[in-house]
Amino acid sequence: MLKFFVALMILFVPLNVAAQSKDLWIDGARGKLFATLQTPDGQAKFPLMILCHGFNADKDYPLLKTLADTLEASGIASIRFDFNGHGQSDGDFQGMTIANEIADAKKVFDFARKLDGVTSISIAGHSQGGVVASTVAGELGAQKIKTIVLFAASPAIRDNALIGNLFHVRFDPLDPPEYIEINTPYGKRKVGREYILTAQNLPIYETAAKFTGNALMIHGTGDRRVAYTYSLRYKKVFRRGEIKIFDRADHAFTGEENRVAKFVADWLTHQIK
């Protein structure tokens, strides 16, 4: 009788999959990338979003961390990771370029599509990570990338590299130096010549225009690093683009992280359905 009772208990235990936040390493374009995979509670299958941080940031940037948590609560998994030369990932910051960040993001995509339970893959990026995300989406296409979300995306990088004024440092754009030294919240850092040359030749809008899926641009009118007009330009480039402007929000969406993340999670849930 006891064995029969235990068997009944096992039979009726719900087969839910517990939520997880798991740190892992992914093979990138220039060594190992440190990443965090978050999966939602009670779901064996789920959509997933790749999150790309901006220049000189990392995977735990407040906006992306808040977004990952909000997506999880909405039944959406995420992978956020440190690009090469950032955070805990391999690589030297001076050797980082947008081109090898695009290669990193594609490696993360390859990893994500092999995960059990993933039903679709979207991609999002903040600032420079937005340029990376839009390029990856344009190159891979809507057959592989479900949707994209760009937070204060920064095509201004190309414009500034072309005129020789990058990160408030002036240089000869026709003959860039071996590196420029910039001030950051973490101290002085060197940006290499290859970064400048790569930025000058980026076909940002041309590549983004190849993406035929749904795209969402998020920007703040208080952004003093990247004008929100760049997101307006992106909206014209995408065939199915939408834009959401947050009044007075700065480049990092400081203090607006929860509201922005909720808006994106709701939008993405609607797109997936």
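Condition first: under 27 Å from residue 61 (Cβ atoms) and among the basic types (Lys, Arg). Now tell me which residues in region 168-205 satisfy that.
Hits for region 168-205 are 188, 189, 190, 193.
Per-residue answers, yes or no, for (1) aromatic (Phe, Trp, Tyr); (2) at negative phi:
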{"position": "46", "(1), (2)": "yes, yes"}
{"position": "50", "(1), (2)": "no, yes"}
{"position": "58", "(1), (2)": "no, yes"}
{"position": "61", "(1), (2)": "yes, yes"}
{"position": "67", "(1), (2)": "no, yes"}
{"position": "85", "(1), (2)": "no, no"}
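How many residues are modelled with pLDDT under 95 and either more than 28 Å from the chain's Cα centre (by Cα) or aromatic (Phe, Trp, Tyr) (or both) when one looks only at region 151-178?
1
When you check residue 243 against the structure, is it farther than 18 Å from residue 97 by Cβ, surrounded by 15 or more Cβ atoms within 10 Å (Cβ to Cβ), hydrophobic (A, V, I, L, M, F, W, C) and in contact (Cβ under 8 Å) with a residue 60 or more places away in the chain, yes or no? Talk me through it step by step, then tell me what you get.
Numbers: farther than 18 Å from residue 97 by Cβ: yes; surrounded by 15 or more Cβ atoms within 10 Å (Cβ to Cβ): yes; hydrophobic (A, V, I, L, M, F, W, C): yes; in contact (Cβ under 8 Å) with a residue 60 or more places away in the chain: no.
Answer is no for this residue.
Taking region 94-115 as the search range and keeping residues that are in contact (Cβ under 8 Å) with a residue 40 or more places away in the chain and over 18 Å from the mean Cα position of the chain (by Cα), which one is surrounded by the most Cβ atoms within 10 Å (Cβ to Cβ)?
Looking at residues that are in contact (Cβ under 8 Å) with a residue 40 or more places away in the chain and over 18 Å from the mean Cα position of the chain (by Cα), I get 94.
Can you name every residue in region 29-51 that is of a type in the set (Gly, Ala, Ser) and in a loop (DSSP other than H, G, I, E, B)? Lay out the reasoning, then the answer.
We begin by selecting, within region 29-51, every residue of a type in the set (Gly, Ala, Ser); these are 29, 31, 35, 42, 44.
Those that are of a type in the set (Gly, Ala, Ser) and in a loop (DSSP other than H, G, I, E, B): 29, 42, 44.
For region 246-266, give me the residue count where each residue is free of Cβ contacts under 8 Å to residues at least 60 places away in the same chain, surrounded by fewer than 19 Cβ atoms within 10 Å (Cβ to Cβ) and in contact with a Ser or Thr (Cβ under 9 Å, 6 or more places away or on another chain).
2
If a residue must be among the polar types (S, T, N, Q) and either buried (at least 24 other Cβ atoms within 10 Å of the Cβ) or touching a Gly at 6+ places or on another chain (Cβ under 8 Å) (or both), how many such residues does region 41-81 contain?
The first filter runs over region 41-81 and keeps only residues among the polar types (S, T, N, Q), leaving 43, 56, 66, 70, 74, 78.
Now narrow it down to the ones that are either buried (at least 24 other Cβ atoms within 10 Å of the Cβ) or touching a Gly at 6+ places or on another chain (Cβ under 8 Å) (or both): 43, 78.
Within region 41-81, residues that are among the polar types (S, T, N, Q) and either buried (at least 24 other Cβ atoms within 10 Å of the Cβ) or touching a Gly at 6+ places or on another chain (Cβ under 8 Å) (or both) number 2.
Quick test for you: out of 199, 208, 142, pick the one residue that is within 19 Å of the chain's Cα centre (by Cα), more than 30 Å from residue 262 (Cα to Cα), at pLDDT 95 or above and of a type in the set (Gly, Ala, Ser). Can you show your working first?
Details: 208 fails: more than 30 Å from residue 262 (Cα to Cα); 142 fails: more than 30 Å from residue 262 (Cα to Cα).
199 is the lone residue from the list that is within 19 Å of the chain's Cα centre (by Cα), more than 30 Å from residue 262 (Cα to Cα), at pLDDT 95 or above and of a type in the set (Gly, Ala, Ser).
Select from region 130-145 the residues that are outside any loop (DSSP other than H, G, I, E, B) and not aliphatic (A, V, I, L, M) and list them in ascending order. First the steps, then the outcome.
Going residue by residue through region 130-145, those that are outside any loop (DSSP other than H, G, I, E, B) are 130-140.
Answer for region 130-145, where residues must be outside any loop (DSSP other than H, G, I, E, B) and not aliphatic (A, V, I, L, M): 130, 134, 135, 138, 139.
Determine which member of the set 77, 103, 29 is closer than 21 Å to residue 157 by Cβ, modelled with pLDDT of 95 or more and of a type outside the set (S, T, N, Q).
103
For residue 34, indicate whether it is more than 22 Å from residue 192 (Cα to Cα), at pLDDT 95 or above, among the aromatic types (Phe, Trp, Tyr) and surrounded by 18 or more Cβ atoms within 10 Å (Cβ to Cβ).
yes
Determine whether residue 193 is closer than 26 Å to residue 99 by Cα, touching a His at 6+ places or on another chain (Cβ under 7 Å) and surrounded by fewer than 19 Cβ atoms within 10 Å (Cβ to Cβ).
no
Which of the following residues is of a type in the set (Ser, Thr, Tyr), modelled with pLDDT of 95 or more, within 19 Å of residue 263 (Cβ to Cβ) and surrounded by fewer than 18 Cβ atoms within 10 Å (Cβ to Cβ): 221, 229? Before the answer, list the steps.
Working: 229 fails: within 19 Å of residue 263 (Cβ to Cβ).
221 is the lone residue from the list that is of a type in the set (Ser, Thr, Tyr), modelled with pLDDT of 95 or more, within 19 Å of residue 263 (Cβ to Cβ) and surrounded by fewer than 18 Cβ atoms within 10 Å (Cβ to Cβ).
Inspect region 233-240 for any residue being in contact with a helix residue (DSSP H, G or I) (Cβ under 6 Å, 6 or more places away or on another chain), of a type outside the set (Gly, Ala, Ser) and outside any helix (DSSP H, G or I) and give the result as yes or no. First the steps, then the outcome.
Residues of region 233-240 in contact with a helix residue (DSSP H, G or I) (Cβ under 6 Å, 6 or more places away or on another chain): 237.
Retained after the next criterion (residues that are of a type outside the set (Gly, Ala, Ser)): 237.
Filter again for outside any helix (DSSP H, G or I), leaving none.
Checked region 233-240: no residue is in contact with a helix residue (DSSP H, G or I) (Cβ under 6 Å, 6 or more places away or on another chain), of a type outside the set (Gly, Ala, Ser) and outside any helix (DSSP H, G or I).
The values are calculated or read from the model by the stated rules, or taken from the named source; none is laboratory data. Remember, it's a predicted structure, so these values are computed and weren't measured experimentally. As a convention, Cβ positions derive from the backbone with ideal geometry for all residues, glycine included, and neighbour counts pool all protein chains shown.
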